[in-house]
Each structure stands twice: as structure tokens, then as C-alpha cells.
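The values are calculated or read from the model by the stated rules, or taken from the named source; none is laboratory data. Quick caveat: nothing in here was measured; it's all calculated off a predicted structure. As a convention, Cβ positions derive from the backbone with ideal geometry for all residues, glycine included, and neighbour counts pool all protein chains shown. Side chains are part of the model used for accessible areas, which takes the heavy atoms of the whole protein and leaves out ligands, DNA and RNA. Shrake-Rupley method; radii C 1.70, N 1.55, O 1.52, S 1.80 Å.
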Amino acid sequence: MAEIVDQSDVPDYCALQRLDGRVYAVVGAGRGIGRQTAHALRQAGADLVCIDSDLDRVRIVASEVQGMALQLDATRHQDVVTVFHELFQSCGRLDGVVDIVGASISRSLLDVDDDLINQTFELNLFQAIQVTRTAADIMARSGGGTIILIGSAAGFASLPNQIVYGSAKAALHHFVRCAASELGHVGVRVNAVAPGYVRTERMVARFNDESWSEITL
């Protein structure tokens, strides 16, 4: 039997990952994972809109990636709508959004109060829903796009003193699954990345060397 030789074309796989000419917004771009995400997207060729509640901080990041800096408190729902529509009018397109906004406060269930619960869900779930619905509406009417939300390993695992934060992230993971199913037919992809402990500025300040040694085991 004659040997079958595979002669199919081999694409330039690295080129397929390029984002040249596409506009990406990073919400929470001022530091940590957000800043690194902005740099990663820029290295792939994307044009960046860097968004953060701290305008001075995000201007520095925007200058690093030759992008635009916008100020936004993502927990203020009407402001999300206003900023994203201004972004679209200015750039003429919106191909992708990465929403990094979130924070955890270590507290056991018996030590939490109403303010902490509300703040945690506002930062880690409610704002992400608002960003997603606003960006998805723009994308659905202009050719589609992709939305990436930052979940957490705490949304899957029972981590110490992370019951409220983990519950918010678990809800976010479910929201992503539902949004992906609902928005796929209009050309909008929705995904989540669920990292564990990342050595960001805030996390480094939170754990001592001994704790990091235990985390990395």
C-alpha cells in the first residue's frame, strides 16, 4: 500500500495570533495583571485603550503601550455605558475587552459585614456584568468581538477566609458560561481566566516570604 503524504498547507500559526489593527480595551489596566495584559496585547499588535479608576496611574501604562488612557469607576453603571460609547466613537471599533477589576479581602463568614459583602460582589461580579453587557451590545452591532473576564481559583476551591470573594467569583464563572452561550450567535465570544495567586503589588504586600513558599509548594 502506497504511503500517503500529507501535503496540506501549513499556516503561519504565530501570524494567526496577531491582533494588528484591532482595538482592545483593558479595564483595570493601571497595575498588576491589567498592566501586563495591556503589554501582552500591544506586543501582539493591538491598539490599546487603557481604563482605570486612577487616571494618573493608567496614563503611565497607556504611555508604555502607546495607547489611550480613560478614567472609569467600573462600579458606576451609567459611567460604564458613557465611557464605552465614547471609546467606540473615538476609535471606530471595539474588538476586545479584558476586565481585570476585582479585589478580595480575607475574612471568615462570621467576621464579614454587609458593607464587605456588597463591595466584594460589586467589584467582582456586578461591574463585570455591566461591562460585558455594554461591550457586547457594541460588538454585536459592529461585527463581533471577544470579552475576557478574570475569575479566580477561589471560585472553584474552598480557600481559607475567601468565602465571600469565592462566592462572587463562582457566580462570575457561571455568568461567563451563560453569556458565552447567549452571545455566541451574535459573534461575541465570552471567556474567563481563573488564576491562582499572582505576585502583583497588592499580593506581594499581603503575604510574607514564608506564605509565598507555602503557596508555591
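Just read off the accessible area of ILE4 with the full protein assembly in place, 1.4 Å probe, to the nearest 10 Å².
Surface open to solvent at ILE4 totals about 140 Å².
Considering the Cα trace of the range 92-167, what is its radius of gyration and what is Dmax, both in angstroms?
15.2, 49
Run the simple label-point estimate for GLN43 and VAL193 please: 7 Å along Cα→C-beta, distance reported in nm.
Simple spin-label model gives 1.1 nm for this pair.
How much accessible area does ILE163 have with a 1.4 Å probe, in Å² rounded to the nearest 10?
Number for this one is 80 Å².
Averaged per residue, what accessible area in Å² does the chain show with a 1.4 Å probe, protein chains only?
57
Taking a cut-off of 26 Å, what percent of all Cα-Cα pairs in the chain are separated by more than that?
Details: 9365 of 23436 pairs.
Pairs farther apart than 26 Å: 40 percent.
Return the carbon/sulfur percentage of the accessible area of the chain, one whole number, probe 1.4 Å, all protein chains in place. Present the calculation step by step, with values, prior to reporting the outcome.
Numbers: 6270 of 12320 Å².
Carbon and sulfur: 51 percent of the exposed surface of the chain.
Tilt of helix 163-183 relative to the longest C-alpha principal axis of the chain, in degrees (0 to 90, nearest 10)?
30
Starting from the Cα of GLU64, step 7 Å along the direction of its Cβ; do the same at ALA157; then give the gap between the two resulting points in nm.
Modelled inter-label distance: 2.7 nm.
Largest first and in whole Å, give the semi-axes of the range 1-84's equivalent ellipsoid, each being the square root of 5 times a Cα gyration tensor eigenvalue. Write out the running numbers ahead of the final one.
Values: eigenvalues 301, 36, 20 Å².
Semi-axes, largest first: 39, 14, 10 Å.
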